[in-house]
Amino acid sequence: MLSLTIDEKEIQVEEGTTILEACEKAGSHIPTLCYDKRLLPFGACRICIVEVEGTRQKFTPSCTTPATNGMVVKTTSADIIKARKTILELLLINHPLDCPVCDKAGECQLQDLVYEYGVAENRFKGEKSRLPIDHQSHLIERNLNRCILCGKCARICDELQDVAEVSFVNRGIRAKIGTDFDRALNCEFCGQCIDICPVGALTSKLFKYKARLWELQNVQTICPFCSVGCHLNLGIKDNKIFQATSNGGNLCSKGRFGFEYVHSQQRLTTPLIKKDDQLIEASWEEALDLIAKKFKEIPANNLAGLCGSRLTNEEVYLFQKLMRAGLQTNNIDNAGSYAYAGLMGLKQSLGSAGMTISLSDIDKADCIVLLRCDLSETHPTIGIKVNLAVKRNEAKLIIINPKNIKMSKLPNLSLIHHPKTEIALLNSIINVLINEGLVDKDFISKHTEGFGELKKSVEKYTPQEVSKITGIDKELIKNAAKTYGNSQKAIILISTGLNLPGEEVKLAQSAANLALLTGNLGKEGAGIGILLEKNNSQGTVDMGTISGFLPGYQEITDYKIREKFEQVWNVKLPSFRGLSALEILEKGKVKGLYIVAENPIETYPDSDQIKQALESLEFLVVQDMFLTQTAKLADVVLPACAFAEKEGTFTNVEGKVQKLNMALSPIGKSKSDLEIFITLSKLLGYEINYSNSAEVMDEIKSLVPGYSTPDKGTQRLKWKFVPQTFEKLPVEDKYYPFLLLTGHTHFHSGSMSGKSPALMEVCQESIVEINPEDAKALEIENEELVKVSSREAGIKVKTKIIRKSPKGVVFIPHHPGKNVLSLIKKDYLGPTRVRIEKIEG
Ligand code: SF4
């Protein structure tokens, strides 16, 4: 520790602390313009100058100077104030004083400092900047006349986002922040540059001339898109969201610009009932009475419920309670049993169905494995963490993926394998680890069981053999094994979701085998992260909407567990296991279905079959925000609230239960899912009575391990190796020569993003990424409309010729306008094969 004196106050700080950080700790406020704690120190604006006793220079920039032992620092002498005023005068020479029309007014750091330091006159004269304003770029307006060249936008774009879309161009008084050739922005549109800009040089087009910042009421809540659960600060006026900001954290394009779906004209505002094949407006009483009547008529084992991850924990909990206790059926599921089955894989191997790490462990790891994981697209702010871990902490990065990803440009070991050969590859890495003695014998003997079987099971997966299966050079496989095996703290991240169909359980258990073999579990900076898809995917499965399980993954068939729930719920529960989501969506399996916040026709594979199954139902209820393709088939549609219109909690990917705050009154006659379930329960004769979500959470805490007391799963004494076998791929098919990969883009992840005009503006169309050699062979041009067909279906998309995918592999990201999953058969084993045809005329 270092001791220093700041404004006559003695403090201790750690080695490596800057004077600025030490001053913050001492409670001495230092003004800054170019400083941000997320970025490397830059020292451009010099407004943070202080006086350090005994140094030759008069002033010292505090943001770039390390504190040293015995240092004596003054932060507010008359000379410092005078110098800071001069700096502000210099900044104001070119800066337009257009605060009345600047959207940053009220939050502009330059404006605040000019006011604080009373810079009413400027002794320096000069011309105001007259650079053209960029109105062309999507979502972001760039007015470089207001720019003070702090470089924050360029630095965050480079350091955190790894995009480097803008940078300093020109020199001297002509210096500016620009793109190459002054073109419009063509980036990820994360808007981090807007958030970090201390002045009004970069502003959101969504906010332009809509409100003054001081008119907004700020409500803290949680992003409704992916499972990272970033904190949002919603700016509200007249019951409308005007902006979403991050309060100094990071957000991606969806979090910052995706909120507009809440105010979409397409929102459902009233219940609808199908009459003569038409959905017509109805009252809540009519709609709920009809549902209660029909659900009572259908035998319990022919009823089912399907639930999406948009709901809060409290709502999901009530949904499954209503279905089990009120309707006496255990046919309840969500995407969990199918797309998030990796969680159950981890439960079998490690005893706990969740990440074994927290996100802060990524900062401490010295090796990170991305297994089928394109973080920049699926979990962008976790991508930032990995990017910084590699660039700043020099963590080793191993990418195991069937195609190149954005992070492939970081220093890494890229194992680009043939699709669906991951299990063979992981077994081969295990084979090398064992043969090279890179295993933690002590850890294995103390904490694991089943090593013998694992060892035997991987014997045939030599790098030489697996090289033939995966297409990866055997030396690269050995290198990856040695890199992982020689690391002290290694993390494996796996993305999962409906858009990434695959061998969920096998992948998770293979990852667990690797971690157990090398002792990378139960310690800081090491473990496994299954990155679920949606905002409350983890909560949805925790709350008991996963086939066969009561809340907290407690087996429904275990009578002792059932008894515990029966006592609290005061009802006898059905004991049968219940159908999974894929079974529920099979024609003829059930007669009545209640779908909440889910659109299986668009988000599950095999959409044609699912549509037929839904059409064949006796009675279908859909509760959603929009009239989705699934809702159009319903007998009753109930309008539900958006995230900003309700309270409750979401559980993020690392298991943090985060509070959602109500920012808006519900639009039209829509109601929160919680209110709908409570009202419906009365009509069904099993009344569930809670006055708010906090009361529901109290009950959850009493029944669900991990929500009141920590889940003890990962602390159990013996973890289990579960050997995995690689299934041979189906033979090649000359009529369908390409292998199809699907996944998310950072702009879209489900129906909500499709109703956000800003996200649709930057990513309007679905595309197919195709390797240049394949495009040439097919005589296909870039951006040409083509038909991609599998044996199941065909869709029309535009081509994007790019080297990301290897030859013979194409990638179609999910887009709300195109159902790429219709191409995939739900019970397929190997990768889906497709063909690509030109569309004539
Ligand atoms: Fe929202 Fe996920 Fe983006 Fe964070 S990373 S802003 S949670 S979509």
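The values are calculated or read from the model by the stated rules, or taken from the named source; none is laboratory data. Only a predicted model underlies this, so the values are computations on that prediction, with no experimental measurement involved. As a convention, Cβ positions derive from the backbone with ideal geometry for all residues, glycine included, and neighbour counts pool all protein chains shown. The area values use the complete protein model at the heavy-atom level, side chains included, leaving out ligands, DNA and RNA. Shrake-Rupley method; radii C 1.70, N 1.55, O 1.52, S 1.80 Å.
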Qualifying residue in the stretch 117-130 (condition: modelled with pLDDT of 95 or more and not in a loop (DSSP other than H, G, I, E, B)): no
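Mind checking which residues of the stretch 246-275 are more than 16 Å from the ligand (Cβ to nearest atom), crowded, with 22+ Cβ neighbours inside 10 Å and farther than 19 Å from Cys641 by Cβ? Give the derivation first.
At the first step, the residues of the stretch 246-275 found to be more than 16 Å from the ligand (Cβ to nearest atom) are 263-275.
Still in the list and also crowded, with 22+ Cβ neighbours inside 10 Å: 268, 271-272.
If the condition is that a residue be more than 16 Å from the ligand (Cβ to nearest atom), crowded, with 22+ Cβ neighbours inside 10 Å and farther than 19 Å from Cys641 by Cβ, then no residue fits.
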Condition check for Gly497: assigned to a loop (DSSP other than H, G, I, E, B), surrounded by fewer than 16 Cβ atoms within 10 Å (Cβ to Cβ) and at positive phi: no
Considering only residues that are open to solvent by 30 Å² or more (accessible area, probe 1.4 Å) and within 16 Å of the ligand (Cβ to nearest atom), look in the stretch 220-243 and name the one that is farthest from His138 (Cα to Cα). Gln220
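Does Lys807 meet the test of being more than 21 Å from the chain's Cα centre (by Cα), modelled with pLDDT of 90 or more and open to solvent by 60 Å² or more (accessible area, probe 1.4 Å)? Reasoning before the result, please.
Numbers: more than 21 Å from the chain's Cα centre (by Cα): yes; modelled with pLDDT of 90 or more: yes; open to solvent by 60 Å² or more (accessible area, probe 1.4 Å): yes.
Yes.
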Does any residue in the stretch 217-228 that is farther than 24 Å from Thr745 by Cα come within less than 9 Å, Cβ to Cβ, of a residue that is near the ligand (Cβ under 8 Å from one of its atoms) and open to solvent by less than 10 Å² (accessible area, probe 1.4 Å) six or more places away or on a different chain, and which pairs are these? Val219/Leu232; Gln220/Leu232
Give me the pairs, please: first residue somewhere in the stretch 609-625 and farther than 9 Å from Leu593 by Cα, second residue anywhere and of a type outside the set (Lys, Arg) and open to solvent by 20 Å² or more (accessible area, probe 1.4 Å), beta-carbon distance under 7 Å, and either six or more positions apart or on two chains. Ala613/Glu586; Glu615/Leu633; Ser616/Gly588
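Please go through the stretch 656-666 and pick out each residue that is assigned to a loop (DSSP other than H, G, I, E, B) and open to solvent by less than 40 Å² (accessible area, probe 1.4 Å). Let's see the steps before the verdict.
Step one: filter the stretch 656-666 for residues assigned to a loop (DSSP other than H, G, I, E, B), giving 656, 661-666.
Matches in the stretch 656-666: Ala663, Leu664.
So in the stretch 170-210, with the set limited to residues that are of a type in the set (Gly, Ala, Ser), away from the ligand (no atom under 16 Å from the Cβ) and within 25 Å of Phe747 (Cβ to Cβ), which one is surrounded by the most Cβ atoms within 10 Å (Cβ to Cβ)?
Here is the first cut: in the stretch 170-210, the residues of a type in the set (Gly, Ala, Ser) are 172, 175, 178, 184, 191, 200-201, 204.
Subset that is away from the ligand (no atom under 16 Å from the Cβ): 172, 175, 178, 184, 200-201.
When the remaining residues are screened for being within 25 Å of Phe747 (Cβ to Cβ), the result is 178, 184, 201.
Details: Gly178: 19, Ala184: 13, Ala201: 26.
Here the residue is Ala201.
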Matching option when the condition is in contact with a strand residue (DSSP E or B) (Cβ under 6 Å, 6 or more places away or on another chain), at negative phi and surrounded by fewer than 20 Cβ atoms within 10 Å (Cβ to Cβ), among Gln278, Gln217: Gln217
Subset of the stretch 51-94 [of a type in the set (A, V, I, L, M), in a loop (DSSP other than H, G, I, E, B) and surrounded by 17 or more Cβ atoms within 10 Å (Cβ to Cβ)]: Ala67, Met71
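Just to be sure, is Glu159 touching a residue at least 40 places away in the same chain (Cβ under 8 Å), open to solvent by 20 Å² or more (accessible area, probe 1.4 Å) and not in a loop (DSSP other than H, G, I, E, B)? It would help to see each step written out before you state the result.
Working: touching a residue at least 40 places away in the same chain (Cβ under 8 Å): yes; open to solvent by 20 Å² or more (accessible area, probe 1.4 Å): yes; not in a loop (DSSP other than H, G, I, E, B): yes.
So Glu159 fits the description; yes.
Residues that are within 16 Å of the ligand (Cβ to nearest atom), surrounded by fewer than 24 Cβ atoms within 10 Å (Cβ to Cβ), among the polar types (S, T, N, Q) and in contact (Cβ under 8 Å) with a residue 60 or more places away in the chain: does the stretch 314-334 have at least one? Please lay out each step first, then the result.
Initial filter on the stretch 314-334 (within 16 Å of the ligand (Cβ to nearest atom)): none.
No, because not a single residue in the stretch 314-334 is within 16 Å of the ligand (Cβ to nearest atom), surrounded by fewer than 24 Cβ atoms within 10 Å (Cβ to Cβ), among the polar types (S, T, N, Q) and in contact (Cβ under 8 Å) with a residue 60 or more places away in the chain.
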